[in-house]
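Asker: If you scroll down you'll find the structure; I have some questions about it.
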Amino acid sequence: MTKQLLTDDRQAQPNHTTKPPAQQELSQQELWEIRAVNTHCHNLLPHWFEDITLHRLLQMTYVSWIVPDAGDTPQGHRFYFDEMGANSYFRWWKQGVEALHGGGETLTPENWDAFDERVRQAYSSPGHNLSALREKCAYDAILLDDYMAPGSCHDSPELMRPVFRCDMFLCGYAPGKTDENHNNAYDFFPAVPASLAEYEVMTEQAVARAVQNGAVGLKIAIAYERPLDFRPGTRAAAERAFGDSNASPEDIRAFGDHMMFFLAGVAAKLDVPIQIHTGLGGMDGSRAIGLQPLIHANPATRFDLFHASYPWCADVLGLAHKYPNVYLDLCWLPLISTARAQAFLREALELVNAGRLLWGCDTWTCEESMGARLAAHRCILDVLNGFIREGILDHAQALACARGILRENAARLYKLF
Ligand SMILES: [Zn+2]
């Protein structure tokens with residue numbers, strides 16, 4: 001049987017030997033002409049930049065998650081180039097700084113002070129961050145996740161489209177119980193709920209209000225606090241936890257499980273997607289496969305799964321293959337590891353329809369956001385031009401795919417324009 005198939009395949013070969021006309025590859029310029037929709041950003045308000053220096057700007061990046069502050073000294077600066085030169089966080093931040101402040105120059109330990117002066121100068125204008133995001137990073141919309149003020153749009157509703165961080169509703173089993181960013185569900189309620197049923201009603205009302213006020217999606221980042229394996233059918237245990245500040249760890253977890261299922265239902269009812277942070281985070285049950293029971297039970301909810309569940313990228317690929325309501329969001333991934341992001345993007349395009357791929361920067365400053373976009377461009381060009389060279393996509397198809405990833409897919413999913 002196999003042999004027969006092979007023979008048939010070979011008979012079909014002659015067509016493949018005719019070389020198709022060489023297709024022009026995608027260019028950096030073509031990608032920059034795409035006004036992007038950035039699905040995830042933690043943009044900071046101007047007061048964060050009052051005493052800005054280049055060194056402080058670096059401390060506001062993921063570099064500070066990997067190595068302790070090496071100091072704002074010539075030796076300290078050199079440390080980053082020597083020790084972190086190949087690190088994706090550092091090298092793309094550096095390229096972002098060069099793109100916004102370099103005037104064609106490359107940042108080195110030797111010219112650090114000159115760049116430092118330019119950065120201070122740029123931030124002396126309070127509008128620097130927003131104008132760089134709009135003009136230089138070329139964003140038409142940024143989905144803002146301000147975990148210090150859930151639902152805020154930083155007074156820039158035309159650019160910043162808020163997502164409503166909902167972790168607090170999973171944590172509020174008793175008054176005073178907050179999420180890890182000190183957000184308190186009870187601050188969003190008109191009164192203290194007397195029962196779990198009332199808590200559910202008030203949660204739904206709070207979410208609906210946020211959506212009415214402009215939130216285009218919900219956001220769950222609870223993987224920094226607890227495993228993602230939400231179990232169905234935990235309402236009875238959630239009832240036991242409700243109102244009891246000494247509830248057992250099992251019942252507290254069941255409360256979070258129950259509220260996550262509840263929120264998935266609310267998202268479907270309000271027709272807004274849920275963004276879920278997966279992968280890095282707690283690293284204890286934070287891989288995306290734990291979400292399967294939740295996704296399985298909620299076919300009408302659109303799940304925007306973040307960060308490719310890095311380092312367990314196969315998890316989201318498997319989920320996206322099985323569930324058409326799963327979207328693959330590359331946000332943060334090209335900054336975590338550009339090599340893995342390239343491999344992931346190719347595999348994802350081989351696996352599911354291109355319309356389910358999204359991208360966001362996941363950064364706090366315009367410099368790192370610019371670096372994130374440059375990193376995304378590197379991945380997109382690498383993968384799509386590979387497909388063009390192999391004759392799998394033509395130029396127009398590849399450009400449409402890039403437009404989808406950087407703009408159209410998110411615009412459609414979040415109903416932005
Ligand atoms: Zn984030």
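The values are calculated or read from the model by the stated rules, or taken from the named source; none is laboratory data. Just so we're clear, the structure is a prediction, and the values are computed from it rather than from any experiment. All Cβ positions, even for glycine, are placed from backbone atoms using ideal geometry, and neighbour counts span all protein chains on display. In case anyone asks, the SASA skips ligands and DNA or RNA and just uses the protein heavy atoms, side chains included. Shrake-Rupley method; radii C 1.70, N 1.55, O 1.52, S 1.80 Å.
Asker: Out of curiosity, is ASP69 open to solvent by 40 Å² or more (accessible area, probe 1.4 Å), under 30 Å from ASP155 (Cα atoms) and assigned to a loop (DSSP other than H, G, I, E, B)?
Answerer: Numbers: open to solvent by 40 Å² or more (accessible area, probe 1.4 Å): yes; under 30 Å from ASP155 (Cα atoms): no; assigned to a loop (DSSP other than H, G, I, E, B): yes.
Against the criterion (open to solvent by 40 Å² or more (accessible area, probe 1.4 Å), under 30 Å from ASP155 (Cα atoms) and assigned to a loop (DSSP other than H, G, I, E, B)), ASP69 does not qualify.
Asker: Could you name every one of the helices (runs of 4 or more DSSP H) located completely within the range 204-306 that has at least 3 residues being charged (D, E, K, R)?
Answerer: Ranges flagged: 235-241, 249-270.
Asker: When ASN184 is evaluated against the numbered criteria (1) open to solvent by less than 10 Å² (accessible area, probe 1.4 Å); (2) away from the ligand (no atom under 15 Å from the Cβ); (3) at pLDDT 95 or above, which criterion, by number, is the only one it fails?
Answerer: (1)
Asker: Moving on to the next point. Pairs under 6 Å by beta carbon, first residue among the aliphatic types (A, V, I, L, M) in the range 270-287, partner within 12 Å of the ligand (Cβ to nearest atom), six or more apart or different chains?
Answerer: From residues that are among the aliphatic types (A, V, I, L, M), the pairs are ILE276/ILE220.
Asker: Report yes if LEU144 is within 16 Å of the ligand (Cβ to nearest atom), under 23 Å from LEU406 (Cα atoms), surrounded by 21 or more Cβ atoms within 10 Å (Cβ to Cβ) and not small (Gly, Ala, Ser), otherwise no.
Answerer: yes
Asker: Kindly provide the set of residues from the range 307-337 that are open to solvent by 10 Å² or more (accessible area, probe 1.4 Å) and part of a strand (DSSP E or B), ordered by number.
Answerer: TYR327
Asker: Next question. If the requirement is being modelled with pLDDT of 95 or more, more than 14 Å from the ligand (Cβ to nearest atom) and open to solvent by less than 10 Å² (accessible area, probe 1.4 Å), which of these qualifies: ILE289, ILE274?
Answerer: ILE274
Asker: Just for the range 35-49: of the residues that are buried (at least 20 other Cβ atoms within 10 Å of the Cβ) and under 22 Å from the mean Cα position of the chain (by Cα), which one is nearest to the ligand (Cβ to nearest atom)?
Answerer: Restricting to residues being buried (at least 20 other Cβ atoms within 10 Å of the Cβ) and under 22 Å from the mean Cα position of the chain (by Cα), the top hit is HIS40.
Asker: Please specify each residue of the range 338-369 satisfying the condition of being open to solvent by 30 Å² or more (accessible area, probe 1.4 Å) and either closer than 29 Å to ALA300 by Cβ or more than 13 Å from the ligand (Cβ to nearest atom) (or both).
Answerer: Filtering the range 338-369 down to residues open to solvent by 30 Å² or more (accessible area, probe 1.4 Å) leaves 339-340, 342-343, 346-347, 349-351, 353-354, 364.
Hits for the range 338-369 are ALA339, ARG340, GLN342, ALA343, ARG346, GLU347, LEU349, GLU350, LEU351, ASN353, ALA354.
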